[in-house]
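Asker: Have a look at this one before I ask anything.
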Amino acid sequence: MSEAARQTTDIALFLDFDGTLVEIAPRPDAVQVDPGLVPALERLRERLGGALAIVTGRPVAVIDDFLKPARFDIAGLHGVERRVQGRLSGGRPEDHPDLRAGVERLHAETARYEAVLIEDKGASVAVHWRLAAPGDAQAAEAIVKAVASDLGAAYRLQLGKAVGEIVPADATKGHAIRAFLEAAPYAGRRAVFLGDDRTDEIAFASVNEDGGVSVRVGEGETVAGRRLADPAEVRALLAAWAEGAPIDPDALPTA
């Protein structure tokens, strides 16, 4: 099959990172990236004419470090940051003074709870309690809910798998995907989004509304139309697509 025949111009592929491309780790910095992932993503991006982006709650710089030396289009911090064709915008911590004060409060109020982790992302903040004892986990969840509530309507709380994240209210993965679709090489294509968590459900609903394909990775209730079992199955699918297999997201198992 020629390279031209292998290319496709009707799909724009959007991929969550944690729990989708890689397995979730006990600590955010302990994620392990499969050696074959980056080469597969690079080949698949070429096949899609560049229309492949990572859409994640992580900062762009952190994803770059995990996927180095490659540099992909990325919506980071649920869309607060966005890099398209090498141009990065958004995500300055100094634009969020109220949030910065909230981060200080989170550190102070969770310090007594062992194994509760604060992941300061600059323009957002996540509190992780995956490793904490049940009582400490409940306390951490209550604290992040209280801080988010006190920040008011400019911010919102996203609860995920043993994590609560405070983000700007207008930042969602759904908005980020729609922003990508407004410009080349994404414009005019059908969005396909793979994600695994409650924080991805907003994007699933947005993609569904726009006629795209939403794919839930793992178990759980979802509005996604399709489902894959785990990140290993995602990586196998992406590797197959990268090598020339038909890209037919409508053929994936229903959710």
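Asker: Calculate, axis by axis, the spread of Cα positions in region 173-255 along the three principal axes, and write the results as whole Å, longest axis first.
Answerer: 32, 30, 17
Asker: Give, as a single signed number, the net charge of other residues whose beta carbon lies under 13 Å from the beta carbon of Thr110, with Lys and Arg counted +1 and Asp and Glu -1. The partial results should precede the final answer.
Answerer: Numbers: positive: Arg105, Arg112, Lys145; negative: Glu104, Glu109, Glu114, Glu119, Asp120, Asp136, Glu141.
Combined, the nearby Lys, Arg, Asp and Glu give -4.
Asker: Ranking request for peptides 221-228, 111-118: highest mean number of other beta-carbon atoms within 10 Å first, then the rest in descending order.
Answerer: Packing order, densest peptide first, comes out as 221-228, 111-118.
Asker: Let me ask you something else. Convert 37 °C to kelvin, take the viscosity as 0.692 mPa s, use the Kirkwood radius over C-alpha pairs of region 1-121 as Rh, and evaluate the Stokes-Einstein diffusion coefficient in µm²/s, rounded to a whole number.
Answerer: 201 µm²/s
Asker: Quick check: at a probe of 1.4 Å, how many percent of the accessible area of region 165-233 sits on carbon and sulfur atoms?
Answerer: Looking at region 165-233 in its full context, I get 49 percent from C and S.
Asker: Dipole size in debye (nearest 20) for region 90-230 around its Cα centre, Lys and Arg Cβ +1, Asp and Glu Cβ -1?
Answerer: Computed about the Cα centre, the dipole is about 380 debye.
Asker: For Ala251 paired with Gln32, estimate the spin-label separation in nm (one decimal), with each label point 7 Å from Cα along the Cα-to-Cβ line.
Answerer: According to this spin-label approximation, the distance is 3.2 nm.
Asker: Over the chain, calculate the relative contact order: mean separation of alpha carbon pairs under 8 Å at least 6 apart, over the residue count, as a percent. Provide the component values of the computation, followed by the final result.
Answerer: Values: 468 pairs, mean separation 50.6, N = 255.
20 percent.
Asker: For the chain, what is the accessible area per residue in Å², given a 1.4 Å probe and the full set of protein chains? Walk me through the intermediate numbers first.
Answerer: Values: 11260 Å² over 255 residues.
Ligands and nucleic acids excluded, the figure is 44 Å² per residue.
Asker: Next question, about the same structure. Quick one: what Rg and Dmax do you get for region 103-232 from the alpha carbons, in Å?
Answerer: Taking only Cα atoms of region 103-232, I get Rg and Dmax of 16.7, 51 Å.
Asker: Scaled to the compact-protein estimate 2.2 N^0.38 Å, what is the alpha-carbon radius of gyration of region 69-176, rounded to two decimal places? It would help to have the intermediate numbers written out before the result.
Answerer: Details: Rg = 14.5 Å, N = 108, 2.2 N^0.38 = 13.0 Å.
In units of the globular-protein estimate, region 69-176 measures up at 1.11.
Asker: What nm distance separates the two modelled labels at Ala115 and Glu243, each placed 7 Å from Cα along Cα→Cβ?
Answerer: Roughly 4.0 nm, to one decimal.
The values are calculated or read from the model by the stated rules, or taken from the named source; none is laboratory data. Since the model is a prediction, treat every value here as computed from it, not as a measurement. No Cβ is skipped: glycine too gets one built from the backbone with ideal geometry, and neighbour counts run over all protein chains shown. Please note that ligands, DNA and RNA were not included when accessible areas were found on the heavy atoms of the full protein model with its side chains. Shrake-Rupley method; radii C 1.70, N 1.55, O 1.52, S 1.80 Å.
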